[in-house]
Amino acid sequence: MTEQEPHPIPAPDDRLGQAQALTPALHSLARVLRFRLRGSDEVGLQALPPAEFEVLRTVLDEPGIGVGVLARRLGLHASNVSTTVRGLVGRGLLTREADPSDRRAVRLQPTARAVADLRRIEENWARVFADTLETLTEDQRTTLIAALPALRALGEALTDGRS
């Protein structure tokens, strides 16, 4: 191992080695995203704790999702998700609507304010990323952009595996 390459690149057929090389890098990136890019206070919004952000982001991605499905999707207990949802409803970011096919079931919808707030947060993230991408080489930026389909597929596969 060299100083520039702390983790050797595994062979193409070494799936465990690939996972061991990717995991620390992805975890580090996720940690930075959670803590450095929370974003709400930087754009003049009330801070969103990570759990609230994840619930809100998922409802924005899947309007009409139920609390049980949302909890499974996020790998959380339904009671914790319900508490988080109550807080987001109280802050005017989510609404609960009765499911027309089952009046006992509740479907979650983002409010217009939630859509606008999240857009501001994500625009701020994009500015931070743009500034940070400037510190990388052109080859590194090209490689990251080329990896987008694979990263999206990995995220979907991990989500499907948890659901």
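The values are calculated or read from the model by the stated rules, or taken from the named source; none is laboratory data. Note that the coordinates shown come from a computational prediction; the quantities given were computed from them, not determined experimentally. When we count neighbours, we look across all protein chains shown, and the Cβ atoms used for this are built from the backbone with ideal geometry, even at glycine. Areas reflect the complete protein model, heavy atoms only, side chains present, ligands, DNA and RNA absent. Shrake-Rupley method; radii C 1.70, N 1.55, O 1.52, S 1.80 Å.
Quick notes
- Hits in region 124-163 (condition: loosely packed, with under 13 Cβ neighbours inside 10 Å and in contact (Cβ under 8 Å) with a residue 60 or more places away in the chain): R162, S163
- When T159, T143, T84 are checked against the criterion of being of a type in the set (S, T, N, Q) and more than 21 Å from the chain's Cα centre (by Cα), a single residue qualifies: T143.
- Among the residues of region 16-55, those identified as modelled with pLDDT of 80 or more, under 21 Å from L88 (Cβ atoms) and either among the β-branched types (V, I, T) or in a loop (DSSP other than H, G, I, E, B) (or both) are P49, V55.
- Condition broken by V106, with the remaining ones in (1) closer than 18 Å to A78 by Cβ; (2) touching a Leu at 6+ places or on another chain (Cβ under 7 Å); (3) hydrophobic (A, V, I, L, M, F, W, C) satisfied: (2)
- Tally of residues being open to solvent by 30 Å² or more (accessible area, probe 1.4 Å) and out of contact with any Pro (no Cβ under 8 Å at 6 or more places or on another chain) across region 53-66: 4
- Test result for R120, free of Cβ contacts under 8 Å to residues at least 24 places away in the same chain and open to solvent by 70 Å² or more (accessible area, probe 1.4 Å): no
- Positions within region 98-115 being exposed (fewer than 11 other Cβ atoms within 10 Å of the Cβ) and of a type outside the set (S, T, N, Q), in sequence order: P100, D102, R103, R104, A112
- Considering E156, E138, E62, the condition of being of a type in the set (D, E) and under 20 Å from L22 (Cβ atoms) is satisfied by E156 alone.
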